[in-house]
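Worksheet: the structure to be examined is printed underneath.
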Amino acid sequence: SINNRKLIPKLTNKCRTQIQSSPNEKPNPNIYSNTRQKQMANFIGVAPTIPSSLLDSHITPRPDFTTCTDPSNFLIPNVTDPAFYCRSNFASASGDKDAQQVVKFAKGTTTLAFKFNEGIIVSVDSRSTMGAYIASQTVKKIIEINPFLLGTMAGGAADCSFWERNLGMQCRLYELRNKKRISVASASKLLANTMNSYRGYGLSMGTMVTGWDETGPQLYYVDNDATRLHDNLFSVGSGSTYAYGVLDTYYRPDLTIPEAIDLGKRAIYHATHRDAYSGGINNLYHVQADGWKKIHAIDVNELHYEFADEKNEMVA
């Protein structure tokens, strides 16, 4: 972030003037005396370029310098129809439907959340994958939007992380303007509205927004198609079918807090055991009237032996 935010409008005006006079050149950073201004000029003046070999024959590139007027704008492909280009080359598809795409998504995760009488349990794994490649085992898939709101990540890690942090900014602005905390319903609606604005642009995101407000514990599901659902139980990701099997068997609204915590980690364990794209650490949060609390972060390998010993004791 820039310490002196007054620099931004001045910089963008200069940037815009130069672009209008010479659309094929980026602003000359040497016209700025401040080092930070030079860095911003280099960043702001560069429009995204798409190789001609990747463009469809009926799509003609055009200059797109919309980022100069607002440095916080989301960059889109520099073509005549960005939405069509994204749908053709960056769609998140299953099976071999993305075989002809330039970028092929191969993702996997397991996230779940359920509401019970004592609050809400949010439980996730921490593995980040690209097909058979395990990129990380320590991804934080629960985003702490504010002390009373949580969001989960499933789909594209960059999309989920960026837009849920953007949601945190919108929620904070709401608090400053209205002098009260935003409701979970309103927060999920803000995210759904943002997703609707970028519908068809190739985003990959399936998230849960949950928290405690004046109406009590609330749980919503929002995805990149702007689908917004309200329910007591959700699981999202490649391992969600296994998690649902455990949740459907043992879930009930009158669970005690220890029972709910055990159900959350048990469902994640079984999903990571059967789904190769889920694993790592089980992070579990409990949301109550006074805000969320992180309960534990346990390696799923330890859970495997814990539940194996339990199974052996039952057999014996």
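State yes or no: is Thr249 in contact with a helix residue (DSSP H, G or I) (Cβ under 9 Å, 6 or more places away or on another chain) and open to solvent by 40 Å² or more (accessible area, probe 1.4 Å)? Judged against the criteria, Thr249 is not a match. Within the stretch 117-142, residues that are at positive phi sit with their Cβ atoms under 7 Å from residues that are of a type in the set (S, T, N, Q) and assigned to a strand (DSSP E or B), at 6+ positions apart or across chains, in these pairs: Gly119/Gln288. Inside the stretch 279-308, residues that are open to solvent by less than 90 Å² (accessible area, probe 1.4 Å) and either polar (S, T, N, Q) or assigned to a helix (DSSP H, G or I) (or both) make up a count of 9. Restricting the stretch 203-232 to residues that are surrounded by 22 or more Cβ atoms within 10 Å (Cβ to Cβ) and not in a strand (DSSP E or B) leaves a set whose member that is modelled with the lowest pLDDT is Leu203.
Of all residues in the stretch 156-202, those being in contact (Cβ under 8 Å) with a residue 60 or more places away in the chain and surrounded by 22 or more Cβ atoms within 10 Å (Cβ to Cβ) number 1.
Looking at the stretch 233-256, can you tell me whether even one residue there is among the aliphatic types (A, V, I, L, M), more than 21 Å from the chain's Cα centre (by Cα) and outside any helix (DSSP H, G or I)?
If we filter the stretch 233-256 for residues that are among the aliphatic types (A, V, I, L, M), which is where we start, we get 233, 236, 243, 246-247, 255.
Within this subset, residues satisfying the condition of being more than 21 Å from the chain's Cα centre (by Cα) are 246-247, 255.
So of that shortlist, the ones also outside any helix (DSSP H, G or I) come out as 255.
There is at least one residue in the stretch 233-256 that is among the aliphatic types (A, V, I, L, M), more than 21 Å from the chain's Cα centre (by Cα) and outside any helix (DSSP H, G or I).
Residues of the stretch 111-141 that are assigned to a strand (DSSP E or B) and modelled with pLDDT under 90: Ser128, Thr129, Met130, Tyr133, Ile134, Ala135, Ser136.
Restricting attention to the stretch 54-72, does a residue exist that is modelled with pLDDT of 85 or more and crowded, with 21+ Cβ neighbours inside 10 Å? Within the stretch 54-72, not a single residue is modelled with pLDDT of 85 or more and crowded, with 21+ Cβ neighbours inside 10 Å. Just name the residue that is surrounded by the fewest Cβ atoms within 10 Å (Cβ to Cβ) out of those in the stretch 112-142 that are small (Gly, Ala, Ser), over 23 Å from Asp248 (Cβ atoms) and touching a strand residue (DSSP E or B) at 6+ places or on another chain (Cβ under 9 Å). Step by step, filter the stretch 112-142, then rank; the result is Ala135. Quick one: is Ile145 in a strand (DSSP E or B), under 30 Å from Tyr251 (Cα atoms), open to solvent by 20 Å² or more (accessible area, probe 1.4 Å) and not charged (D, E, K, R)? Here the answer is yes, as Ile145 does meet what is asked.
The values are calculated or read from the model by the stated rules, or taken from the named source; none is laboratory data. All values reported here derive from a predicted model rather than from experimental measurement. FYI the Cβ positions are ideal-geometry reconstructions off the backbone, even for glycines, and counts take in every protein chain you see. Protein only, heavy atoms only, side chains kept; ligands, DNA and RNA dropped before computing areas. Shrake-Rupley method; radii C 1.70, N 1.55, O 1.52, S 1.80 Å.
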